[in-house]
Amino acid sequence: MSISWILLLAALLFFLQHKLMGRWGFRGLQIDRKFDRAHAHAGEDMLMIETIMNRKLLPIPWLRLEATLSTGLRFGQMNNLEVSTGSLFQNHRSLFTLMPYTRIVRRHHVHCARRGWYKLETVAAAMGDLIGMQAASKTHRLHVELLVYPRLVQPEDVPILSSRWQGDVIVRRWMVPDPFLVSGVREYRFGDTMNSIHWKATARTGRLQVYNREFTADPRLVIVVNSQVTEEMWDAVTDPELVEKGLSYAATLADYAISQGVPVGFGYNGWRLDAPGVPVYCAPEGGAQQLDYLFETMAKLAISCARSCEDFLQQLLEEETSPVDIFLLTAYISEGMHERIEELEDAGHTVSLVPLRHELIESLESLEVKTSNAVSS
């Protein structure tokens, strides 16, 4: 056989195997990625499980997988894994060889560095023939989500300036009324004891009156995070890490309060990633489901500003008609915010401030002096 026929036959075999890989290479190929948990807190570690199956007789000489992920998830070092990292995203590239009816399972150690809502939507796959040339490429669709909740700190590390929500406030309303806490009198109702009768009020009104025993507490807590770093800031948040610190404090307070049986709500003058432009407000509720919902909401928040904190507090004043305890986590206090806080307290609410900067204490003192001088003049 002449050399020309050998070359022609080799070219024909190359062409056939290249076409075969291009047409049948992805048949019976399954690529799956999932996390071992659906959610975690920032700072925790977890696993991403990657499964690749070749369910056919035709081997795959080489398979390259590429995916783009956020830098908020940090992957540990691994053989056969190349990671190119930028400021916001990282590119993962791995190379495999699969024999017929073979399954490969790899477990990637992942560190949840930042709060967020992470999605694995696509994986770009390319495979080659026997001599190393790329024969086909395809984008595999995935539906994998991971919620990374804000980082939890110790409750005592939250710098509360005015902590009225302490001590007796955690006594549940459905337990017993406080016999030493009296707020006026009321008419007798069936079931009231004889020692609760207010005889002087009864003689004065001519109708049976009893002491109105208040409960030590019926707390409902609303945690508000102000995404405005300064009063002049609008739309783009100039210090995202400061807002992240506020969300970390908010998650810690919510976790502690709900563990004590206190209903907790949440407010944020930015928006969720799945509802752009709409400020966030969750009414106070209790229980583990409410805590999960609050954590999920915090994980999906965009570092954004949809409304000024002053307007958000005004909206809170209109929505909450019954008294609540408010924790306001903010980096500053403006005169307008100070006025809204006073209106909230006049309506029966209590407001405790959690500074996101140490300078907030000085600004509060100067604002109080300025307000008192204005009143006296």
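The values are calculated or read from the model by the stated rules, or taken from the named source; none is laboratory data. Being a predicted model, the structure only gives us computed values, none of them experimental. Please note: Cβ atoms are built from the backbone with ideal geometry, for glycine as well, and neighbour counts cover all protein chains shown. Side chains included, ligands, DNA and RNA excluded: accessible areas come from the protein's heavy atoms. Shrake-Rupley method; radii C 1.70, N 1.55, O 1.52, S 1.80 Å.
Miscellaneous remarks
- Computed with a 1.4 Å probe over protein heavy atoms only, the accessible area of Glu343 comes to about 70 Å².
- Panel values: segment 1-43, Kirkwood radius from alpha carbon pairs, Stokes-Einstein at 37 °C and 0.692 mPa s, translational diffusion coefficient 224 µm²/s.
- Segment 267-282 and segment 289-350 have their alpha-carbon centroids 12 Å apart.
- Nearest-0.05 FRET efficiency for Arg141 and Trp24, computed from C-beta distance (R0 25 Å): 0.75
- Within segment 36-147, the percentage of alpha carbon pairs spaced more than 21 angstrom apart rounds to 40%.
- Rough spin-label spacing in nm, given labels placed 7 Å along Cα→Cβ, for Met194 and Gln315: 5.7 nm
- Neighbourhood net charge (15 Å Cβ-Cβ; Lys/Arg +1, Asp/Glu -1) for Pro100: +4
- Length added when fully stretched, Gln289-Thr85, from 0.36 nm per residue minus Cα-Cα: 69.8 nm
- Loop trypsin sites (Lys or Arg not before Pro), segment 102-164 (other Cβ atoms within 10 Å of the site Cβ: 13 or fewer; DSSP): Arg164
- Segment 211-307 - Debye-derived log10 I(q)/I(0), Cα point model, q = 0.10, 0.22 Å⁻¹: -0.30, -1.07
- In straight-distance terms, cross-link reach from Lys119 covers every one of the lysines whose alpha-carbon lies under 24 Å from its own, apart from those fewer than eight places away in the same chain; here that gives Lys34, Lys138, Lys245, Lys300.
- Separation of alpha-carbon centers, segment 57-132 and segment 224-243, rounded to whole Å: 36 Å
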